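**Q** Take this structure first; my questions come after.
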Number of protein chains: 2
Amino acid sequence: MRNEVIAERLEMLREELRREHLGAYIFNTSDPHNSEFTADRWKGREWISGFNGSAGTAVVTLKSAALWTDSRYFIAAEQQLAGTEYQLMKLKIDGTPTIAEWLGKELSDSDNKEVGADGSTHTAADIEELRQELRQHGGLTLRTNFDVLQRIWKDRPMTPLNPIMLQPIELAGETTQQKLSRIRKALREVHADGMMMSQLDDIAWTLNLRGSDVHCSPVFISHLLIGSQQATLFVDECKLTAEVKSYLTEQKIAVRPYEMAGDALQKWGEWNILIDSDEVSEALARQVKANEIIRKPSPVPVMKAVKNEVEQQGIRNAMLKDGIALVKWLRWLKPAVEAGGQTEMSVSRKLEQLRSEQPLYRGLSFDTIAGYEEHGAIVHYEATPETDKPLESRGLLLVDSGAQYQDGTTDITRTIALGPLTDEQRKVYTLVLKGHIDLQLLHFPDGASGTQLDAIARAPLWKAGLNYLHGTGHGVGAYLNVHEGPHQIRMEWKPTPLRKGMTVTDEPGIYLEGRFGVRTENVLLVQEAEDTECGRFLCFETLTLCPIDTTPILPELLTQEEIDWLNNYHTEVYNKLAPHLNDEERDWLQSTIVRKNSN
Amino acid sequence: MRNEVIAERLEMLREELRREHLGAYIFNTSDPHNSEFTADRWKGREWISGFNGSAGTAVVTLKSAALWTDSRYFIAAEQQLAGTEYQLMKLKIDGTPTIAEWLGKELSDSDNKEVGADGSTHTAADIEELRQELRQHGGLTLRTNFDVLQRIWKDRPMTPLNPIMLQPIELAGETTQQKLSRIRKALREVHADGMMMSQLDDIAWTLNLRGSDVHCSPVFISHLLIGSQQATLFVDECKLTAEVKSYLTEQKIAVRPYEMAGDALQKWGEWNILIDSDEVSEALARQVKANEIIRKPSPVPVMKAVKNEVEQQGIRNAMLKDGIALVKWLRWLKPAVEAGGQTEMSVSRKLEQLRSEQPLYRGLSFDTIAGYEEHGAIVHYEATPETDKPLESRGLLLVDSGAQYQDGTTDITRTIALGPLTDEQRKVYTLVLKGHIDLQLLHFPDGASGTQLDAIARAPLWKAGLNYLHGTGHGVGAYLNVHEGPHQIRMEWKPTPLRKGMTVTDEPGIYLEGRFGVRTENVLLVQEAEDTECGRFLCFETLTLCPIDTTPILPELLTQEEIDWLNNYHTEVYNKLAPHLNDEERDWLQSTIVRKNSN
């Protein structure tokens, strides 16, 4: 059945392309702040294609249309693109052309060799790469100053105008003046007089402010221009409460309209400005008029990644609350499933409700992934009313969830045996746990990057012919985004060293298509281990407080050291959570401390 | 006491610098082939400074002189530079200036802002980097076409003229025509019509020829220019035996004088040539006249790194012979030490003699490192008559050695308890062995690089606050250089994946200054493990056949799996070597199979 809505939108688009003499237009998945999650206003790729996955690029020519996405979304994209003229392009599959290769062919007999893309939703680095590739394939050129959605998306959502809140110093732990002073010092070291910040969580961190413009992320749409003496926040003034206005005045931070950020960049005449091409949009970067543009990574993400003592304590408090809600939920879960009528969506709602009862709760930190049995094998599964699976008293339920509390952000995955399991499930469950524990037991030299540690969590799985294609760990914000960089634990080269005070997740998993998925995730804090004649060593403190299901474990696959870790962890979880639980919950929690011994 | 020899050489040098209006001259440690080990002709840095370490750079201005080297050589350099005007510059130590920074200051008040360096002993990439750095520090320029040593080094050794030998197809396993055809295919894929090869082991591998121009490396000084139809070897014709001459004629490989390589590069007018800037000297690269210079890595090192079946069998044969010699030596060692009179040098000579009795022996693959007790903690220790330490029946002797056989190259390290040890020695010995075994037990996904695996060998050491600063593993040639790339197992990012058929060493170690050193090294071969729904997995076959001293082991630090590996390894060593040993040696070898059990 033809999708008339999408057909009509494509017709409007092509009329504009003809008017502008463009051969094609590229719709990516981002916003003017290189966000992972965007406000609805920037969901143009979804609007023009009908595909709502979190990653994908739609490209439309006058006669054809195609959508590129990765393996997480092949099935969903196929369903959602049915009835449209979009061809699905499967990334990293042999024979799939790149966007430039495809456009080179599609436009080979076209008079219009120019391609459009909105420079405000692409980073400067993205556009530079795209421009080069298009030139190589059929000599195509790229126009970035024409946002076609402004003309054709009639009911396009506005830029969000939600109010901005102070993050008090009791939770932030460092004043904005101290942060600005550290940033300015870092800029002087690379001979920069200032920098443009666009990344929303960097701005929120620097100014000790929080917003609610993006689903699950406590950030607000803005740019921040930092000079050696002054700083200017480009934001809609109506979002500022009287309190925030006077705070910004105190901090000597000027406020100008969001749309004026580009104008301001044109007045840097005699100074040097740092522009991080992987952060700032091409639309902004192209307006800079400065003595010198220093293209280097922003110093802010690493500063933000290292949590100060106050932030660390806040995260510990948030973990305690999250643990209480999770224990209440876990105790409820199996009997509820036995009673019947529970589904992936219903148990997710229950968990959300229990979290919302905790103090300083501000919402979820991402949409809950609750995948039962074969749904657990779909890495980015999100249950919908159409897919929502009833839960039975058998098999594995994978739940990856997290919350925003004003004192910290959480992210946890537990895989729960709802009843009897297969031998394969028990083996995979135990090996994932083994990798998960081994990373937490690791000590490592100060200066090591996550790439250098990644194999520790995978080695037990590799030996059984198992592997996962996602990363092992990412940073987690302090009441900020649930995914933070720049450090990561993953196979791809990520050179940023893990430093004392950084948070990082530990989340190995295995996904066996059509059968089940297992993932176990804690949030860790990098701590000092010891100084020796061989150097300084770091280790991990486990922040997450929630029991790990021991019923599926095959103890013969674990070493005594791993079993000891698990027993100690459960004792710690009990000791910290018990005072906050009622008798029934406390008894249940105590029953999770099964002292396993290796055979 | 003033070193008159060096003083006189510096005087001659400065006379030439003044004549050429140069402010300074840089002497590096390399040759026109970017070799790790060079023929004596290119040991100019040693000649001008008196420092004979394997790494270092001497820089001389009209009024000052300095020598940069790394921590392996701080002590030796200090001794050897005593009595000269050289200032020792310790690399990677806080406060040590770079060469460009130092020159910028030294030449700030000089009229001569030009610095000299021999472009024929620097790669094109090195010179480009140096040129940029010198420009940034005081606007210095670099002259690379003046080899000052030609003027002042009166008794400079000639380019070696040793005869070249055929490596028969029974040992090479692939004809030169097949290799050339693979290389040409790889060149076509990057749109190159040809390439210049300078790396000596790449040339020897491609042509199935071997030489003896470089100490311990069976290579011959030459360049090889490969075109789409023809190939030209630039080599001194007097090195070619009649057999090799007729072989080259058969293979349609033209021969021209070594010195004419640069001339040939000037005639590539309409074609595209690949130049690997990390391989080809600046002196050659600057002469290229071609339609396009394609600056990419040479495809040959990866081809050479993957050993074919015949090479693999040759290496296994070489390992058998090496194992026989090593067992004879190990059986002899402890009684000989007890009898008295043995030193680091004397036991090294004994080992060399035993190896030389094996068929197809062609020499050592590197100078033996035999370090007793505190000398074992010096990573690149080489005993001299002055340092040679008498061995006693106590403590640890670290011996890293290897041989060239015509069927394969070996590289092995064993640390041997000559008698009673301290508790610390036993603990460190066991943990090094644990890391060594864990890497051999690993399975890993096809496509993983050595950087991604490196932590497996280190993790047991890190947990005890121990670490080593060298790499964990390097490739080993098939009757070629003992150090081969481009794959490596080390903490620094080396993206080349480990592929089936590659050799790689496994050599963790710990060095406790002033006390002792431990290293245990086997050569491994990458093999297929299994194909599963999660992908293709690889594993390691251990090629080295030599018992590992079990007397220092603290079994409680090993897992049962690690102990099983050790017992199985010793059984395999026994089964393979026993038929080639006399009764006495066989009994001794059997006594090494101590079935340890964990407590």
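**Q** Could you tell me which residue of the range A:468-482 is farthest from the other protein chains (Cβ to nearest Cβ), considering only residues that are crowded, with 19+ Cβ neighbours inside 10 Å, part of a loop (DSSP other than H, G, I, E, B) and in contact (Cβ under 8 Å) with a residue 40 or more places away in the chain?
**A** Restricting to residues being crowded, with 19+ Cβ neighbours inside 10 Å, part of a loop (DSSP other than H, G, I, E, B) and in contact (Cβ under 8 Å) with a residue 40 or more places away in the chain, the top hit is A:479.
**Q** Right, residue B:486: in a loop (DSSP other than H, G, I, E, B) and touching a Ser or Thr at 6+ places or on another chain (Cβ under 9 Å) or not?
**A** No.
**Q** Is it the case that the range A:220-231 has a residue that's over 25 Å from residue A:123 (Cβ atoms) and surrounded by 19 or more Cβ atoms within 10 Å (Cβ to Cβ)?
**A** no
**Q** Do we find a residue being over 30 Å from residue B:541 (Cβ atoms), open to solvent by less than 20 Å² (accessible area, probe 1.4 Å) and either in contact with a Leu (Cβ under 9 Å, 6 or more places away or on another chain) or assigned to a loop (DSSP other than H, G, I, E, B) (or both) anywhere in the range B:303-314?
**A** Scanning the range B:303-314, I find no residue that is over 30 Å from residue B:541 (Cβ atoms), open to solvent by less than 20 Å² (accessible area, probe 1.4 Å) and either in contact with a Leu (Cβ under 9 Å, 6 or more places away or on another chain) or assigned to a loop (DSSP other than H, G, I, E, B) (or both), so the answer is no.
**Q** Considering only residues that are acidic (Asp, Glu) and surrounded by 15 or more Cβ atoms within 10 Å (Cβ to Cβ), look in the range A:516-575 and name the one that is farthest from the other protein chains (Cβ to nearest Cβ).
**A** Filtering first and then ranking leaves A:549.
**Q** May I pose another question? Go through the range B:65-93 and give me each residue that's among the aliphatic types (A, V, I, L, M) and more than 21 Å from residue B:12 (Cβ to Cβ).
**A** B:75, B:76, B:77, B:82, B:88, B:89, B:91, B:93
**Q** Sticking with this structure for a sec: So, of the residues in the range A:412-434 that are assigned to a strand (DSSP E or B) and among the aliphatic types (A, V, I, L, M), which turns out to be farthest from residue A:348 (Cα to Cα)? Break it down into steps so the answer makes sense when it comes.
**A** Residues of the range A:412-434 that are assigned to a strand (DSSP E or B), as a first pass: A:412-417.
With among the aliphatic types (A, V, I, L, M) added as a condition, the list becomes A:412, A:416-417.
Details: A:412: 13, A:416: 13, A:417: 16 Å.
Applying the filter and picking the extreme gives A:417.
**Q** So, residue A:178, is that one within 28 Å of residue A:483 (Cα to Cα), polar (S, T, N, Q) and open to solvent by less than 50 Å² (accessible area, probe 1.4 Å) or not?
**A** no
**Q** Just a yes or no: is a residue in the range A:584-596 open to solvent by less than 10 Å² (accessible area, probe 1.4 Å) and away from every other protein chain (no Cβ under 14 Å)?
**A** Yes, that holds for at least one residue.
**Q** Go through the range A:483-496 residue by residue and tally those that are crowded, with 24+ Cβ neighbours inside 10 Å and either among the β-branched types (Val, Ile, Thr) or within 9 Å of chain B (Cβ to nearest Cβ) (or both).
**A** Count: 1.
**Q** Now a separate question. Would you check if residue B:69 is out of contact with any Leu (no Cβ under 7 Å at 6 or more places or on another chain) and among the β-branched types (Val, Ile, Thr)?
**A** No; evaluated as a whole, the condition is false for this residue.
**Q** Right, next: Could you tell me which residue of the range A:497-515 is farthest from the other protein chains (Cβ to nearest Cβ), considering only residues that are more than 28 Å from residue B:495 (Cβ to Cβ) and not in a strand (DSSP E or B)?
**A** A:501
**Q** What are the pairs, 6+ residues apart or on separate chains, where a residue within the range B:35-46 that is closer than 23 Å to residue B:60 by Cβ has its Cβ under 7 Å from a residue that is open to solvent by 40 Å² or more (accessible area, probe 1.4 Å)?
**A** Partner pairs satisfying both residue conditions: B:40/B:157; B:41/B:157; B:41/B:158; B:45/B:29; B:46/B:52.
**Q** Could you say whether any residue in the range A:266-283 is modelled with pLDDT of 95 or more and farther than 27 Å from residue A:124 by Cβ?
**A** For the range A:266-283, residues modelled with pLDDT of 95 or more and farther than 27 Å from residue A:124 by Cβ: absent.
**Q** Going by what's in this entry, would residue B:62 be described as farther than 25 Å from residue B:124 by Cα, touching a Leu at 6+ places or on another chain (Cβ under 7 Å) and open to solvent by 50 Å² or more (accessible area, probe 1.4 Å)? So that I can check it myself, show each step before the final result.
**A** Details: farther than 25 Å from residue B:124 by Cα: yes; touching a Leu at 6+ places or on another chain (Cβ under 7 Å): yes; open to solvent by 50 Å² or more (accessible area, probe 1.4 Å): yes.
Taking the combined requirement at face value, the residue satisfies it.
**Q** Is it true that residue A:464 is assigned to a loop (DSSP other than H, G, I, E, B), at the interface with another protein chain (Cβ under 9 Å from one of its Cβ atoms) and either touching a His at 6+ places or on another chain (Cβ under 9 Å) or surrounded by fewer than 22 Cβ atoms within 10 Å (Cβ to Cβ) (or both)? Lay out the reasoning, then the answer.
**A** Working: assigned to a loop (DSSP other than H, G, I, E, B): yes; at the interface with another protein chain (Cβ under 9 Å from one of its Cβ atoms): yes; either touching a His at 6+ places or on another chain (Cβ under 9 Å) or surrounded by fewer than 22 Cβ atoms within 10 Å (Cβ to Cβ) (or both): yes.
Here the answer is yes, as residue A:464 does meet what is asked.
**Q** Conditions: (1) touching a residue at least 40 places away in the same chain (Cβ under 8 Å); (2) in a strand (DSSP E or B); (3) more than 24 Å from the chain's Cα centre (by Cα). Residue B:128 meets all but one. Number of the miss?
**A** (2)
**Q** Now a separate question. From the residues in the range A:351-365 that are hydrophobic (A, V, I, L, M, F, W, C) and touching a strand residue (DSSP E or B) at 6+ places or on another chain (Cβ under 8 Å), which one is most open to solvent (accessible area, probe 1.4 Å)? Quick ask: steps written out before the conclusion?
**A** Restricting attention to the range A:351-365, the residues satisfying the condition of being hydrophobic (A, V, I, L, M, F, W, C) are A:351, A:354, A:360, A:364.
In the following step, the residues that additionally are touching a strand residue (DSSP E or B) at 6+ places or on another chain (Cβ under 8 Å) were identified as A:351, A:360, A:364.
Values: A:351: 2, A:360: 70, A:364: 26 Å².
Within the range A:351-365, the match that is most open to solvent (accessible area, probe 1.4 Å) is A:360.
**Q** Looking only at the range B:435-460, count how many residues are in a helix (DSSP H, G or I) and either crowded, with 24+ Cβ neighbours inside 10 Å or within 11 Å of chain A (Cβ to nearest Cβ) (or both).
**A** Within the range B:435-460, residues that are in a helix (DSSP H, G or I) and either crowded, with 24+ Cβ neighbours inside 10 Å or within 11 Å of chain A (Cβ to nearest Cβ) (or both) number 17.
Rundown of residues vs (1) touching a strand residue (DSSP E or B) at 6+ places or on another chain (Cβ under 7 Å); (2) modelled with pLDDT of 95 or more, yes/no style:
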{"residue": "B:48", "(1), (2)": "yes, yes"}
{"residue": "B:54", "(1), (2)": "no, no"}
{"residue": "B:62", "(1), (2)": "no, yes"}
{"residue": "B:75", "(1), (2)": "no, no"}
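**Q** OK, next. Residue check: is residue A:387 away from chain B (no Cβ under 13 Å), more than 21 Å from the chain's Cα centre (by Cα) and modelled with pLDDT under 95?
**A** yes
**Q** Across the range A:124-169, what is the number of residues that are among the hydroxyl-bearing types (Ser, Thr, Tyr), surrounded by 14 or more Cβ atoms within 10 Å (Cβ to Cβ) and out of contact with any Phe, Trp or Tyr (no Cβ under 9 Å at 6 or more places or on another chain)?
**A** Residues that pass the stated criteria total 1.
**Q** Only one residue in B:339, B:370, B:290, B:383 is free of Cβ contacts under 8 Å to residues at least 60 places away in the same chain, among the aliphatic types (A, V, I, L, M) and open to solvent by 70 Å² or more (accessible area, probe 1.4 Å). Which one?
**A** Answer to the check: B:339.
**Q** Can you name the residue in the range A:95-110 that is without any contact (Cβ under 8 Å) to a residue 60 or more places away in the chain and assigned to a loop (DSSP other than H, G, I, E, B) and, of all such residues, is nearest to residue A:260 (Cα to Cα)?
**A** Once the filter is applied, the top-ranked residue is A:98.
**Q** For the condition within 23 Å of the chain's Cα centre (by Cα) and within 22 Å of residue B:390 (Cβ to Cβ), what is the one hit in B:316, B:349, B:362?
**A** Just one listed residue meets the conditions, B:349.
Yes or no, residue by residue, for (1) in contact with a Pro (Cβ under 9 Å, 6 or more places away or on another chain); (2) touching a residue at least 60 places away in the same chain (Cβ under 8 Å); (3) within 30 Å of residue A:161 (Cβ to Cβ); (4) buried (at least 22 other Cβ atoms within 10 Å of the Cβ):
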{"position": "A:8", "(1), (2), (3), (4)": "no, no, yes, no"}
{"position": "A:12", "(1), (2), (3), (4)": "no, yes, yes, no"}
{"position": "A:32", "(1), (2), (3), (4)": "no, yes, yes, yes"}
{"position": "A:52", "(1), (2), (3), (4)": "no, no, yes, no"}
{"position": "A:72", "(1), (2), (3), (4)": "no, yes, no, no"}
{"position": "A:76", "(1), (2), (3), (4)": "no, no, no, no"}
{"position": "A:85", "(1), (2), (3), (4)": "no, yes, no, no"}
{"position": "A:93", "(1), (2), (3), (4)": "no, no, no, no"}
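The values are calculated or read from the model by the stated rules, or taken from the named source; none is laboratory data. Treat the numbers as computed from the prediction; the structure is a model and nothing was measured. Glycine gets a Cβ as well: all are built from the backbone with ideal geometry, and neighbour counts include every protein chain shown. Surface accessibility is based on the protein's heavy atoms, side chains included, excluding ligands, DNA and RNA. Shrake-Rupley method; radii C 1.70, N 1.55, O 1.52, S 1.80 Å.
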